[in-house]
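Only one structure is covered here, and it is reproduced in the block below.
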Amino acid sequence: MNFFGHATVAAWYHAAPALAGAALGAMLPDLATMIGARLPKPSDGDVAAGMALHHRTDAAFHVLPEFVALQRELDRRLAAAGCGRGPARATAHVGVELLLDGILVTDGAARSAYLAALAHPGTALGWHEPDDGARFAAVQDRMRAHGVPDDLRRPEGVTARLLRAIAHRPLLRASPADAAIIGRELAAFSPRVAVVAPALMSALRAVLDGRPPGSATSGEDAA
């Protein structure tokens with residue numbers, strides 16, 4: 001699950017004033033990866049709770065049958081279209097997550113949680129290296145300026161973010177031909193993710209709640 005998805009999940013379990021720290025913590029492992037830093041050890045209890053939720057969420061999400069099926073289906077499509085193995089594997093995983101984010105950004109509670117996380121002062125995060133805090137602050141400032149990633153509602157926005165994410169990975173980097181295939185296949189696959197998203201998010205919440213997948217609670221907003 002990508003960082004906006006983690007903010008979405010944080011909004012299921014936290015309310016203001018704890019939400020800002022919890023949502024930031026839920027996003028923090030992904031943001032640490034973005035800046036090339038080790039996971040921090042926050043002294044802020046809300047942030048720490050969000051980080052714990054991040055790990056629980058990823059452990060559940062990545063084995064959900066709905067996610068695994070989407071990932072395999074997109075991987076087969078990319079291979080059949082002639083995409084290179086490395087970029088195809090990366091796209092099958094990250095592409096599904098980003099397409100899902102493009103659906104989740106329409107949810108008001110998720111948008112509020114995401115913006116609250118970005119507004120959090122980011123103090124007491126417990127970075128390991130002296131310059132980690134400065135690099136994190138720069139990323140946080142850039143994300144604040146951008147706001148909610150509504151560009152993910154368009155397949156071309158998903159493609160642009162994905163290609164940037166894998167550009168520095170030699171085994172995953174897309175050639176121009178691969179990039180063209182990825183763009184076409186993500187656009188074609190976007191409606192498929194939209195159809196599966198409600199069941200996928202309901203299944204995720206059920207697992208996190210300790211309920212059998214497919215069960216529901218009254219008033220649950222799964223997407």
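The values are calculated or read from the model by the stated rules, or taken from the named source; none is laboratory data. In this text the structure is predicted, and so the values were computed from the model without any measurement. A quick note on method: Cβ atoms are made from the backbone with ideal geometry, for glycine too, and the neighbour counts reach across all protein chains shown.
For the reader, a short list of remarks on this structure follows.
- Flag for ARG192 being touching a residue at least 24 places away in the same chain (Cβ under 8 Å), part of a helix (DSSP H, G or I) and under 20 Å from LEU28 (Cβ atoms): no
- Residues satisfying the stated conditions in segment 160-178, i.e. part of a helix (DSSP H, G or I), without any contact (Cβ under 8 Å) to a residue 40 or more places away in the chain and more than 16 Å from ASP30 (Cα to Cα): ALA160, LEU163, PRO176
- The lone criterion from (1) among the charged types (D, E, K, R); (2) surrounded by 12 or more Cβ atoms within 10 Å (Cβ to Cβ); (3) under 19 Å from the mean Cα position of the chain (by Cα) left unmet by ASP132 is number (3).
- For segment 70-108, a residue qualifies if it is among the small types (Gly, Ala, Ser), closer than 23 Å to ASP30 by Cβ and touching a residue at least 12 places away in the same chain (Cβ under 8 Å), and the qualifying residues are GLY86, ALA88, ALA90, ALA92, GLY95, GLY102.
- Pairs where the first residue, in segment 138-151, is closer than 18 Å to THR106 by Cα and the second is of a type outside the set (Ser, Thr, Tyr) and not in a helix (DSSP H, G or I), C-beta under 7 Å, 6+ apart: VAL148/VAL105; PRO149/VAL105; ASP150/VAL105
- Members of segment 57-95 that are β-branched (Val, Ile, Thr) and in contact with a Gly (Cβ under 7 Å, 6 or more places away or on another chain): none
- On inspection, THR8 fails the criterion of being at pLDDT below 95 and hydroxyl-bearing (Ser, Thr, Tyr).
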